[in-house]
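Chemist: Below: one structure in structure tokens.
FYI, it's all coordinate maths here, none of it is from the lab. Keep in mind the model is a prediction, meaning the values are calculated, not measured. A quick note on method: Cβ atoms are made from the backbone with ideal geometry, for glycine too, and the neighbour counts reach across all protein chains shown.
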Amino acid sequence: MPTYLRRFDKTPADKRWPLVRKWLFEEPLPFFAELRKSRPILAMPELTLVTRFYDCETVLRRFDAFSVAPYDPKMNGYWMGQDDTAMHWREKSVMRSILDFEDIPGIRAFVAEKTASILKNANGSIDAVNELGRGVPIALVQEKFGFADSDPKKLFEWSYWNQVDEFWNYSWDLLPKAQHDDIVAKHQTANAEMGAYLGGLAQRRGKEMQAGQANNDPLSRLLRVALSKGLRFDATRAVVNTGGLLVGAVETTSHAATNAIAGLLKRPDVLAQARAAAAANDPSAFDGYVFEEMRFKPAFPYFFRRCEQPTVLSDGTKHATEVKPGTIVFAVTHSAMFDSDVFADPESFDPTRPTSNMFHFGLGIHECLGRAIGYVMIPEIVRQCLLLPGLEAAGPVDYKGGPVPEYFPIRWKTN
């Protein structure tokens, strides 16, 4: 059988990326293994893949050389679409301060209770994507982030179209123009609706604050910062950043939790161990099973950047390559998490691996803002499922032709 690279080299240059993209999603691990060994930096006219750990780390840490400029037009001035700017550092610092780590145990307890309640009322079968992966973080946003009077269906739509357009709707995603434009339009509609809702919510919170009501949700905390006038951070920025909490909470949680449940159910020996860990009084040992399964199938197999200055990757090796300004670079972190220079025996399933070298929540200045929340919410959703007797997949994960899981039926014994 021809190797991937042999097939790649025999393919006309303008047809290589569609072929590579297919392998990246459908045959990732053997494809990545060959790249890491023989051509860890794979250049194409459209973009360049980087597949080894230390090169991916360089791309994600060196924001001066590899920027997030491609995201910026879709993020409408949000600080995550910027690198070394005053707004980036100021607003990220504000957001980190209002997402208190002291809240994390309470968030895990809420997720556990909500997931268990949904499962208890499901009568032995459920769609793990919409009812759990999306349903639980939407409930968290309503209960803990202050969106209590919102329509869950609208929260999902606002989060979904932001995520799909901002992360999966670029020229390299190879979508037909009509589909690309439809996603853009739905993103714009979602933001208009979300902005109107959050603007009204901010006005109500402001009036409640004036009346002496001590709300402690993130929007209220942000409004207090804005009203203090101690920073260049006004009520508009408070609203924008509250919207960012919703957008970041739902779809990534759903994708990751779905991948973890589906993957663990395919590993009978590991599944038995994971079930035992899930039933323990201290769930922390269980979490490693989820993050290790996510290493085999992460929600995001890569993070993309644009090269801003000539930079040599794999410097000092026979694969040293200079990446030129303007190049779109994919840091293929799925591959990097199987690099034997960093991960011992990478093909084996080891739930005790430290997560500090994993890329599930990004790396560098654009590491996921909600990392601490994700670290408890994703595994707790999975844990509650694995506590069910006789849990099994009732069908495959269905992407319905899109980039994220849309349906995954699971079932279990009820007596």
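Chemist: Using only Cα atoms, locate the centre of the stretch 68-85 and the centre of the stretch 141-170, then give the distance between them in Å, rounded to an integer.
Modeler: Here the two parts' Cα centres lie 19 Å apart.
Chemist: Same structure, new question: Once fully extended, how much extra length lies between R6 and T85, figured as 0.36 nm per residue of separation less the alpha-carbon to alpha-carbon distance?
Modeler: 24.1 nm
Chemist: Could you name the lysines in cross-link range of K120, using Cα to Cα under 18 Å and dropping any fewer than eight places away on the same chain?
Modeler: Those lysines meeting the cut-off are K413.
Chemist: From the phi angles alone, apply the Karplus equation (6.51, -1.76, 1.60; θ = phi - 60°) to the stretch 196-205 and give each ³J(HN,Hα) in whole Hz, x where the residue is Gly or Pro.
Modeler: Along the stretch 196-205, the couplings run 5, 4, 5, x, x, 5, 5, 4, 5, 5 Hz.
Chemist: Further question on the same structure: Obtain the radius of gyration and the Kirkwood radius of the stretch 144-249 from its C-alpha atoms and give Rg over Rh.
Modeler: 1.07
Chemist: Provide W89, W23 in ascending order of the number of other Cβ atoms located within 10 Å of each residue's Cβ, fewest first.
Modeler: So the residues, fewest neighbours to most, are W89, W23.
Chemist: Another one. Which of the lysines could be linked to K114 by a straight reach, that is with a Cα gap under 17 Å, when you skip same-chain ones fewer than 8 residues away?
Modeler: Within the straight-line limit of under 17 Å, K114 reaches these lysines: K144.
Chemist: A further question on this structure: At a threshold of 8 angstrom on Cα-Cα distance, excluding pairs fewer than six apart, so keeping six or more, what relative contact order does the chain reach in percent?
Modeler: Averaging sequence separation for qualifying contacts and normalising by length gives 25 percent for the chain.
Chemist: Cα centroid distance between the stretch 258-283 and the stretch 14-52, in Å?
Modeler: Result: 31 Å between the Cα centres.
Chemist: Here is a follow-up. Rank the residues E166, E102 as a footprinting-exposure proxy: fewest other Cβ atoms within 10 Å of their Cβ go first.
Modeler: Going from least to most buried by this count: E102, E166.
Chemist: Can you tell me the Rg and Dmax of the chain, counting just the alpha carbons, in angstroms?
Modeler: 21.8, 73
Chemist: Quickly work out the T317-to-A196 label distance, labels modelled 7 Å from Cα along the C-beta direction, and quote it in nm with one decimal.
Modeler: That separation, rounded to one decimal, is 5.3 nm.
Chemist: I've got another one for you. Mind jotting down the three principal axis lengths of the stretch 357-415 based on Cα atoms? Whole angstrom, largest first.
Modeler: Reported extents, whole Å, longest axis first: 48, 30, 18.
Chemist: Among 252-261, 312-321, 110-119, how do they line up by average Cβ neighbours within 10 Å per residue, starting with the highest?
Modeler: 252-261, 110-119, 312-321
Chemist: Here's something else I'd like to know. How would V270, V59, V250 line up from fewest to most surrounding beta-carbon atoms within 10 angstrom?
Modeler: The order, fewest Cβ neighbours first, is V270, V250, V59.
Chemist: Which whole-number percent gives the relative contact order of the stretch 144-249, counting Cα pairs below 8 Å spaced six or more residues apart?
Modeler: Relative contact order comes out at 32 percent.
Chemist: Okay, moving on. May I ask for the percentage of alpha-carbon pairs in the stretch 243-291 that lie more than 18 Å from each other?
Modeler: The proportion of pairs with Cα distances above 18 Å equals 40 percent.
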